[in-house]
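The values are calculated or read from the model by the stated rules, or taken from the named source; none is laboratory data. Source: prediction; values computed, not measured. Quick reminder, even Gly has a Cβ in these numbers, built from the backbone with ideal geometry, and neighbours come from all protein chains shown. Quick note on the areas: whole protein, heavy atoms, side chains included, nothing else; ligands and nucleic acids left out. Shrake-Rupley method; radii C 1.70, N 1.55, O 1.52, S 1.80 Å.
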Amino acid sequence: MELSLIMNEHFQNETICFDGFAFKNCIFTNCVILITCMDFEFVNCSFFGSTLHIEPSLPIFEISHQLSQSIYDESTNCYRNEFQYPQYSIINK
């Protein structure tokens, strides 16, 4: 699957489904990030006050590797077992 590339964007107060997208050098502030499959990528991104919700059935080691490619502040949280989220995506880039 070819991923849609999004670069150098700053997202604030948005709910974003990462599925099908590659994010590079992006900033996420107070965002809700939804990850439901392994068809995503993010490199050199920064997360501030954001929450990541990850589908529990996804492989933990692959997810951990993806997550290690970015910067997070102390108020960013990642949830794997509390996978409840809106059934839509706000991102339309």
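Beta carbons closer than 6 Å, at least 6 apart along the sequence or on distinct chains, pair a first residue in region 44-57 that is over 8 Å from ILE33 (Cα atoms) with a second that is acidic (Asp, Glu) for PHE48/ASP73. Residues in region 68-92 that are modelled with pLDDT of 60 or more, in a loop (DSSP other than H, G, I, E, B) and surrounded by 11 or more Cβ atoms within 10 Å (Cβ to Cβ): GLN69, SER70, ASP73, SER75, THR76, ARG80. For region 23-62, a tally of residues being of a type outside the set (S, T, N, Q) and open to solvent by 10 Å² or more (accessible area, probe 1.4 Å) returns 18.
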